[in-house]
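The next block holds one structure in the form of structure tokens; read it before the comments.
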Amino acid sequence: MLHYLSRGSVPAKPHTVFRDARGKLLYEECFTRRGFDTEFSILYHEGPPQVDEEIGPSEGDPRLRVAATLAPPQPLRRRLVLGENAPQGVTPILASEDVVVSLERHPPMESDIGFSNGDGDDLHFVYSGKAVLETPFGDLPVGEGDYVLVPRGVPHRFRVLEALEGIVFELRGGFHLPVQFRNPVGQLKMDAPFTHRDFRAPGFTGPRPGPSEILVKKGDRFVKRRPRSSVFDVVGWDGTVWPFAFPILAYQPKTGLIHLPPTIHATFAAPGLLFCSFVPRVTDTHPDAIPCPYPHTSVDCDEVIYYVRGNFTSRKGVGPRAISLHPMGVPHGPHPGSYEASIGTRSTDELAVMMDTFRPLSLTTQALALEHTPYHESWK
């Protein structure tokens, strides 16, 4: 998904006999995407990764993930969900065929239950806190301002060191970097908004104990499995599919003479989705430029913004951890007065994550409970 890595011990050639120092045969696991046609990694386990002592239905675990419950159809209006009021655990707020958006809040904890999402890649954004993402690929420290990508089907758990809060996007069609950032051999171009060096891979130390139970989500239903061997009993791996962290402040913003469309902030992509990072930056350089985003009628897009910190030039009364939804069919644009007030500004310190979707998003019942209803009327 990013670039090739090799960690630990792997044989000279895949699909061949590979034994440990005592002569014990190791088990190869091919972790593939799109069947066997695209990216893959190969992991080498001490025990058979496909064998369970027990496997069966589960009601799920709200600390790890819950299925989205859609609200009845709602009137077309601008929405604001207050993330600061979200309960502990994972709270779905928006959903479509392509993505489920959830708020997450976790106290410091060490859990013996892992999670594996069979419905999509999970793209987390950490608003605050510290944790270690533990996977068969190794341990990955993450913290405030990090995007964290957990590929579909990777068993994992977060060891939360300091209370963790943020947002997670379940990408049902798969994650990829925007194609315009890569050269023909897959390397990130020199004018891409980030480099290969900006992405952090897990630190690999070899086999270690893993969670005794794994909660698996597929088709918004849950199965709990108790693997015979530790899912973290890996002696080595190589390939291009692995979890990573990317700090949002490593994003290299572009600017122009006049205001450029939000696509210049593109960071990550998925079928039907585009993610953008708004980071502190110099604004437009033309003496008569209007730095605030211009009103726009994007008839094919729902626009979602997760506000992190700073002065949001286009919005009034919106604070950190709020999530706005501006649906297709209603013009997007700044609050009255913001457009004019931005003239003459030369920089912005805003920090936010934006997602544009090409299929309409539905609110969940949980989102309605967290909604700030006067938001829509604030355009009067």
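Could you work out the relative contact order of the chain? I mean the mean sequence separation of Cα pairs under 8 Å and 6+ apart, divided by the number of residues, in percent.
22
How far is it, in nm, from the label point at ARG34 to the one at VAL185 when both lie 7 Å from their Cα along the line to the Cβ?
Here the modelled spin labels are 2.1 nm apart.
With θ taken as phi - 60° and the coefficients 6.51, -1.76 and 1.60, list the Karplus ³J(HN,Hα) couplings across region 98-110 in order, rounded to whole Hz; mark glycine and proline as x.
Once θ is set to phi - 60°, the couplings for region 98-110 become 9, 7, 10, 9, 10, 8, 9, 9, 9, x, x, 6, 10 Hz.
Rounding to the nearest 20 debye, state how big the charge dipole of region 250-379 is about its Cα centre with +1 on each Lys and Arg Cβ and -1 on each Asp and Glu Cβ.
320
Report the FRET efficiency, 1/(1 + (r/R0)^6), for ASN85 and ILE343, where r is their Cβ-Cβ distance and R0 is 41 Å, rounded to 0.05.
Efficiency for this residue pair is about 0.70.
Residue by residue, what Karplus-based ³J(HN,Hα) values in Hz, rounded to whole numbers, does region 343-354 have, using 6.51, -1.76 and 1.60 with θ = phi - 60° and x for Gly and Pro?
Ordered by residue, 3J(HN,Hα) equals 4, x, 6, 10, 7, 9, 10, 5, 9, 7, 10, 10 Hz.
Quote to one decimal, in nm, the extra length available between GLU110 and GLU97 on full extension: 0.36 nm per residue of separation minus the C-alpha distance between them.
Full extension from GLU110 to GLU97 adds 1.4 nm.
To the nearest 0.05, what FRET efficiency results for LEU161 and THR255 with a Förster distance of 35 Å applied to their C-beta separation?
With a Förster radius of 35 Å, E is 0.45.
Would you mind ranking MET328, MET355, MET190 by Cβ crowding within 10 Å, fewest neighbours first?
Exposure proxy ranking, most exposed first: MET190, MET328, MET355.
Need one number: nm distance between label points at VAL282 and ARG19, each 7 Å from Cα along Cα→Cβ, rounded to one decimal.
6.4
May I ask you to work out the translational diffusion coefficient for region 250-379 at 10 °C, viscosity 1.306 mPa s, via Stokes-Einstein with Rh from the Kirkwood sum over Cα pairs, reported in whole µm²/s?
Estimated via Stokes-Einstein, D reaches 102 µm²/s.
Nearest 0.05, what FRET efficiency do THR195 and LYS380 give at R0 = 51 Å with Cβ-Cβ as r?
After rounding, the FRET efficiency stands at 0.65.
May I have the pair-distance distribution P(r) for region 175-325, computed from all Cα-Cα distances with 10 Å bins from 0 and rounded to whole percent?
P(r) over region 175-325, rounded to whole percents: 8, 26, 30, 22, 10, 4, 0.
What's the Cα-based Rg to Rh of region 118-257, Rh via Kirkwood?
Looking at region 118-257, the ratio lands at 0.99.
Among 62-69, 259-266, how do they line up from the highest to the lowest mean number of other beta-carbon atoms within 10 Å?
62-69, 259-266
Obtain the nm distance between the two label points defined at PHE358 and TYR4 by a simple spin-label model: each point lies 7 Å from its Cα along the Cα-to-C-beta direction.
3.2
Given H placed 1.01 Å from N in the peptide plane, which residues other than close sequence neighbours of VAL99 have an amide H under 5 Å from its amide H?
Under 5 Å from the amide H of VAL99: ARG172.
Karplus couplings for region 136-150 from phi (6.51 cos²θ - 1.76 cosθ + 1.60, θ = phi - 60°), rounded to Hz, Gly and Pro as x?
Whole-Hz 3J(HN,Hα) from phi for region 136-150: x, 7, x, 9, 10, x, 9, x, 3, x, 8, 7, 9, 9, 10.
Net charge around PRO107, counting only other residues with Cβ within less than 14 Å of its Cβ (Lys, Arg = +1; Asp, Glu = -1)?
0
What is the total of Lys pairs in the chain with C-alpha atoms under 25 Å apart, excluding same-chain pairs fewer than 8 positions apart?
5
Just how large is the dipole of the chain about the Cα centre, in debye to the nearest 20, putting +1 at every Lys and Arg Cβ and -1 at every Asp and Glu Cβ?
The dipole magnitude comes to about 260 debye.
With N set to the residue count of the chain, report its C-alpha Rg divided by 2.2 N^0.38 Å to two decimal places.
Rg over 2.2 N^0.38 Å, computed on Cα atoms: 1.04.
None of the figures in this text is laboratory data; all of them are computed from the coordinates on show. Small disclaimer: the values here were computed from a predicted structure and weren't measured. Glycine also receives a Cβ, built like all others from the backbone with ideal geometry; neighbour counts cover every protein chain displayed.
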